[in-house]
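The values are calculated or read from the model by the stated rules, or taken from the named source; none is laboratory data. For clarity, every value in this text was computed on a predicted model and none was experimentally measured. As a convention, Cβ positions derive from the backbone with ideal geometry for all residues, glycine included, and neighbour counts pool all protein chains shown. Keep in mind that these areas ignore ligands, DNA and RNA; they rest on the heavy atoms of the full protein, side chains included. Shrake-Rupley method; radii C 1.70, N 1.55, O 1.52, S 1.80 Å.
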Amino acid sequence: MYTGATTRPGRDATDDVPAGRRRRHRLTAVLCALTLLGLTVVLGFRAADEDGPTPVPQLLAFLPWFLVPAWLALLAAALARRWLLLCWALVVLAGTGWFLRPYGPPAPQGAATRPPETQFRILTANLKYGAATADLVATVRRERPQVVAVQECDFTCTAALDSPALREEYPHRVVAGVDGGARGSALLSVYPLHEQAGVRGRLAMPGAVADVHGHRIALQIAHPMPPLPGDTATWRRELGRLRAYAAARRLPTLIAGDFNSSQDHAAFRAVLRTGMHDAARMLGNSRAPTWPARTTPVLGAQIDHVLLSRELVPVDGTFLKLAGSDHRALLVNVKLF
């Protein structure tokens, strides 16, 4: 007796999908899984409060942009009907979103209107081997910061900073490590400076104590080596020295410069855990990129910072482009309470 169409043994729903489409779905699933695996590994190190080996530290600098491949993986998994991959993508998206939260506290309530003991502005700028010297000089004359922290200051930079006009405006200064490359740094001030031993590093990181209207404030330039592939140990070690400097402070302290690290790096968060606060975070700009300047503010990483001890609070701040530099400068108005 005829009971209807019969089915062949072993037939499943995928037999209704053309062979070419099945191959494309398999390839999509493999690419999706590899993408999610890479993102998961990096997020795992972030969750473990570790920076990991190359390429993890380099990728951590761009953690906010993990959302792009994660969303693409989610879409690809949905189109390929790979539900486990789709769930995996959702977990990666949730993890990335969790770590996008600002690290550290905002500025205290009412800080902008509270009368300070004293107030000053600091500008920090990486000049890319001195190439942005001319624009730095123009910016300093326009913005009139009382303290200027300069990294990658070469012979051209020191010559410009030594001009009679800038000598008159900034009579107090500490310059260190000047050569034809990225090693040199300079600290300029309208206030008297008492030079002190800076933090050791391959790139010069000078320090001083400023007498700001009768208040002693420790100033330190930061410029650790970047996490180069094959040599992340130097980067960790020099950030560790900056952490030790911050932990040993006895005065109101300001550390400014190119840290070559973001809030997603464990070595940088270790500096913050000594009680230092990121001015950009306190002003609500913890994710504003400073490098590479060519793609900011759309794409990049915030690796240039002004860190403040608890006695110092930022009132306002702005990121400035300098012609010739691959970093944006940071200008912060600081109060001492």
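Under 5 Å between amide hydrogens, built in the peptide plane, is the criterion, and for ALA301 it picks out THR290, TRP291 among residues at least 5 positions away or on other chains. Spin-label model, THR295/THR234: points 7 Å from Cα along the beta carbon direction are separated by 2.4 nm.
In the chain, the DSSP-assigned H stretches of four residues or longer account for a calculated mean residue ellipticity at 222 nm of -10500 deg cm²/dmol, using -39500 (n - 2.57) per stretch and the full residue count as denominator. Angle, helix 19-47 long axis vs. longest principal axis of the chain, Cα atoms, 0 to 90°, nearest 10? So the helix axis and the longest Cα principal axis differ by about 30 degrees. Using only side-chain charges placed at the Cβ, +1 for Lys and Arg and -1 for Asp and Glu, the dipole size of segment 200-337 relative to its Cα centre rounds to 340 debye.
Within the shell defined by Cβ-Cβ distances under 14 Å, the residues around GLN119 carry a net charge of +1, with Lys and Arg each +1 and Asp and Glu each -1.
Taking Lys and Arg as +1 and Asp and Glu as -1, the other residues whose beta-carbon sits under 14 Å from that of LEU331 total +2. The packing ranking, built from the mean of other Cβ atoms within 10 Å per residue, places the peptides 92-99, 121-128, 255-262 in the order 255-262, 121-128, 92-99, highest first.
Considering only protein heavy atoms and a probe of 1.4 Å, how much of the accessible area of segment 162-316 is carbon and sulfur, as a whole percent? Carbon and sulfur: 53 percent of the exposed surface of segment 162-316. When the Cα atoms of segment 94-248 are aligned to their principal axes, the ranges along those axes come out at 55, 46, 30 Å in descending order. For segment 82-121, the residues whose amide N sits under 16 Å from a probe point set 7 Å from the Cα of LEU37 along the beta carbon direction are 85-86, 88-89. Along segment 190-206 the Karplus relation, 6.51 cos²θ - 1.76 cosθ + 1.60 evaluated at θ = phi - 60°, assigns HN-Hα couplings of 7, 9, x, 10, 10, 5, 9, 4, x, 7, 5, x, 5, 9, 5, 10, x Hz to successive residues, with x for each Gly and Pro. On full extension, the segment bounded by ARG101 and ARG142 gains 11.3 nm, given 0.36 nm per residue less the C-alpha separation. Amide H contacts of HIS172 (H built 1.01 Å from N, in plane; Pro and chain starts excluded): SER189 sit under 5 Å, all sequence-distant by 5 or more or on other chains.
Please state the relative contact order of the chain as a whole percent: Cα pairs under 8 Å, 6+ residues apart?
17
Whole-Hz Karplus values for segment 89-96 come out as 4, 5, 5, 5, 4, 5, x, 4 Hz, taken residue by residue from phi with 6.51 cos²θ - 1.76 cosθ + 1.60 and θ = phi - 60°; glycine and proline positions read x. Judged by a Cβ-Cβ distance under 4.7 Å, the unpaired cysteines of the chain are CYS32, CYS87. Between helix 67-79 and the chain, what is the angle of the helix's C-alpha long axis to the longest principal axis, kept within 0 to 90° and rounded to the nearest 10? So the helix axis and the longest Cα principal axis differ by about 10 degrees. Across all directions, the average projected area of the convex hull around the alpha carbons of the chain is 22.6 nm².
Once the Cα-Cα distance is subtracted from the 0.36 nm per residue extended length, the ARG249 to LEU75 segment shows a gain of 57.6 nm. Near GLN196, the amide H atoms lying under 5 Å from its own belong to GLY207, ALA208, VAL209; only residues 5 or more places off or on other chains count, and H is placed 1.01 Å from N.
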